């Protein structure tokens with residue numbers, strides 16, 4: 001639903017690096033207590049991304065739409081190459097990362113615009129409700145509502161309902177994996193491909209990569225524990241595979257769509273991404289697992305890295321191969 005994030009309610013402080021706390025205090029004129037509130041962290045990351053990221057390319061068009069589907073109200077942005085307004089395109093439902101707490105089109109625009117331009121494809125970018133104000137399964141149900149809305153409105157949106165993929169990075173990768181599980185549960189066979197960029201999939205904070213990179217400046221172990229607590233309480237994680245896809249059984253995973261799983265070298269999530277790929281393969285799912293060395297978690301928001309363009313190109317190649325072959329849906 002479209003929610004009033006950033007209310008006056010106080011939440012547990014976001015565990016920003018002390019350097020960032022001081023920098024953001026100076027930037028925003030806030031106290032430490034204020035600057036570490038999730039709603040303010042959200043605003044600060046958006047402000048800084050807006051300063052760093054290039055403006056929207058002239059060959060991209062976008063339109064924000066507030067949809068109501070399945071009694072759920074959520075905002076999406078429809079993005080596509082300019083000049084394609086009356087051309088039917090394949091589509092990617094994109095679910096952004098940010099630990100379920102922050103992230104937006106502002107933080108992810110370079111990646112999303114590149115996918116739209118280079119595929120070419122229509123992108124439905126979901127502005128799902130953030131945690132801790134909204135916990136599981138709110139964001140997931142909003143993503144499902146967005147998927148069913150775009151399918152039902154495919155004709156007016158000029159998208160091909162038989163060529164719809166879903167993708168996401170980090171926490172958005174979690175939502176992507178969960179959405180595929182939810183679609184299987186509900187008999188929805190829309191998704192033809194899932195794209196998981198350095199996804200959050202499990203809650204084992206003692207894997208070798210978690211131990212090796214526990215103090216990583218991008219995604220430290222204590223930060224991951226914090227965002228998991230924001231998203232869902234432990235009792236939910238124990239029983240809900242759609243909150244923790246790593247807990248899905250072979251039977252749960254059977255029949256899921258072809259999958260690209262990308263992991264990054266300097267990332268606490270590296271091992272769980274590789275482990276999930278193996279689970280999918282054992283369940284008979286077509287999987288392309290790719291590991292990029294010498295990059296951090298979140299590298300896809302930095303467009304000048306050769307690994308970023310390589311990842312985008314590989315994503316597009318796999319999508320085109322799947323769509324041209326008419327791969328069976330879920």
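The values are calculated or read from the model by the stated rules, or taken from the named source; none is laboratory data. Remember, predicted model here, so these are calculated numbers, not experimental data. In this analysis, Cβ positions are derived from the backbone assuming ideal geometry, glycine residues included, and neighbour counts consider all displayed protein chains.
Within this structure, residue 113 fails the test of being under 12 Å from the mean Cα position of the chain (by Cα), surrounded by 20 or more Cβ atoms within 10 Å (Cβ to Cβ) and closer than 25 Å to residue 156 by Cβ. Residues 316, 241, 312, 236: which one is in contact (Cβ under 8 Å) with a residue 24 or more places away in the chain, outside any helix (DSSP H, G or I) and surrounded by 15 or more Cβ atoms within 10 Å (Cβ to Cβ)? The conditions single out 241.
Only one of (1) farther than 19 Å from residue 257 by Cα; (2) crowded, with 21+ Cβ neighbours inside 10 Å is not met by residue 90, so which one is it? For residue 90, the failing item is (1).
What helices (runs of 4 or more DSSP H) lie completely within the range 1-80 and have 3 or more residues being over 14 Å from residue 105 (Cα atoms) and over 21 Å from the mean Cα position of the chain (by Cα)? Where helices (runs of 4 or more DSSP H) fall fully within the range 1-80 and carry at least 3 residues being over 14 Å from residue 105 (Cα atoms) and over 21 Å from the mean Cα position of the chain (by Cα), they are 18-28, 32-35. Only one entry of 207, 203 meets the criterion of being closer than 26 Å to residue 45 by Cβ, at pLDDT 95 or above, surrounded by fewer than 24 Cβ atoms within 10 Å (Cβ to Cβ) and in contact with a helix residue (DSSP H, G or I) (Cβ under 7 Å, 6 or more places away or on another chain), and that entry is 203.
Taking residue 166, is it crowded, with 23+ Cβ neighbours inside 10 Å, touching a helix residue (DSSP H, G or I) at 6+ places or on another chain (Cβ under 9 Å), assigned to a loop (DSSP other than H, G, I, E, B) and on the phi < 0 side of the Ramachandran plot? Answer is no for this residue. Tell me whether the range 83-104 contains one or more residues that are out of contact with any strand residue (DSSP E or B) (no Cβ under 9 Å at 6 or more places or on another chain) and either at pLDDT below 95 or not in a loop (DSSP other than H, G, I, E, B) (or both). There is no residue in the range 83-104 that is out of contact with any strand residue (DSSP E or B) (no Cβ under 9 Å at 6 or more places or on another chain) and either at pLDDT below 95 or not in a loop (DSSP other than H, G, I, E, B) (or both).
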